[in-house]
Amino acid sequence: QVQLVESGGGLVQAGGSLRLACTASGRTFSNYVMAWFRQAPGKEREFVAGILHSVSGKTTRYADSVKGRFTIDRDNAKNTVYLQTNDLKPDDTAVYYCAATALPILPVPTTTTAYRDWGQGTQVTVSS
């Protein structure tokens with residue numbers, strides 16, 4: 001398995017931005033499909049964004065609720081995947097989790113069951 005550590009969460013005002021990062025251990029990071037999920041209090045964990053490996057052209061996929069505001073990217077040399085969050089809204093408040101799978105699933109899977117490895121989460125709080 002791969003070990004994942006998220007960072008970059010915090011408290012921001014509505015309309016602000018945060019750049020989340022997920023750093024993975026191991027030397028096979030480039031072979032993994034990576035994704036971000038989030039979970040708000042009392043809600044189920046939901047898909048936010050995902051990105052394929054470089055062989056598949058780093059194709060991305062976004063939830064409708066964040067499309068146009070969030071951007072996912074990966075830097076294989078740094079073993080890191082990023083989530084740039086812009087124009088944050090109070091209902092974006094949640095714990096954000098990084099997830100990874102080595103399974104050759106296309107397009108980017110949006111279900112939690114497709115991902116084997118998970119980070120500890122980083123809190124994003126957006127005030128009104």
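The values are calculated or read from the model by the stated rules, or taken from the named source; none is laboratory data. Owing to the predicted nature of the structure, the values given are computational and were not obtained by experimental measurement. No Cβ is skipped: glycine too gets one built from the backbone with ideal geometry, and neighbour counts run over all protein chains shown.
Can you find, within region 40-73, the residue that is surrounded by the most Cβ atoms within 10 Å (Cβ to Cβ) among those that are of a type in the set (A, V, I, L, M, F, W, C) and farther than 19 Å from residue 29 by Cα?
48
Take the residues in region 68-82 that are among the hydroxyl-bearing types (Ser, Thr, Tyr) and at pLDDT 95 or above, then tell me which one is nearest to residue 2 (Cα to Cα).
82
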